Amino acid sequence: MSTVDIILEEARSHLKRLEPHELHRLEDALVVDIRPHHNRLAEGEIENSVAVERIVLEWRLDPAGEWRLPGFTADTTVVVVCNEGWASSLAARDLQRIGLPNATDLVGGYRGWRAAGLPIREGGTQAVV
């Protein structure tokens, strides 16, 4: 097992990861898409998701930070989405560490959502920076 696999396994041990249909049924989750713009543009986005560049994720989602996005609290369920559900697990772990205990990610990532036939919108929205 590689070092990355060990780190990923440790990160996921603290997450209540969601399957695409579970996320689709949630009404009050903040869905954060950390995929690069070119992926969002080419493949689409999950409806009602917000694109946040990975490089500023912690600053924009720190529940006590001055740079945080409006409309969420430390109790909000935050679901991080990447292409296939790998990088999002590490990002969700980091969000838990900064004060979002309900942060998690999407099993299979955006591509799992899309394969499940769930609603998408045209991609390429401007990311929060």
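The values are calculated or read from the model by the stated rules, or taken from the named source; none is laboratory data. As the structure is a prediction and not an experimental result, all values here were calculated from the model. So basically every Cβ, Gly included, is an ideal-geometry build from the backbone, and we count neighbours across all protein chains shown. Note: areas computed on protein heavy atoms with side chains; ligands, DNA, RNA excluded. Shrake-Rupley method; radii C 1.70, N 1.55, O 1.52, S 1.80 Å.
Can you send over the carbon and sulfur percentage of the accessible area for the chain, probe radius 1.4 Å, protein chains only?
Carbon and sulfur together cover 54 percent of it.
Please compute the per residue accessible area over the chain with all protein chains in place, 1.4 Å probe, rounded to a whole number of Å².
On a per-residue basis, the chain sits at 55 Å².
Suppose the chain between ASP5 and VAL128 were pulled fully straight at 0.36 nm per residue; how much longer would it get relative to their current alpha carbon spacing?
41.3 nm
Report the antiparallel proportion of the DSSP beta bridges in the chain as a percent, rounded to a multiple of 5.
If we restrict to bridges inside the chain, about 15 percent are antiparallel.
At a 10 angstrom cut-off on C-beta neighbours, averaged per residue, how do the peptides 90-101, 66-77, 113-124, 39-50 rank from highest to lowest?
My ranking of the peptides, most packed first, is 90-101, 39-50, 113-124, 66-77.
How big is the Cα convex hull of the range 1-90 in projection, averaged over all directions, in nm²?
6.8 nm²
In Å and on Cα atoms, what radius of gyration and Dmax does the range 42-119 show?
My reading of the Cα-based Rg and Dmax gives 12.5, 38 Å.
From the residues PHE72, ALA127, LEU30, which one has its Cα farthest along the dipole of the chain in the positive direction, the dipole being from +1 and -1 charges on Cβ of Lys/Arg and Asp/Glu about the Cα centre?
Among PHE72, ALA127, LEU30, the one farthest towards the positive end of the dipole of the chain is ALA127.
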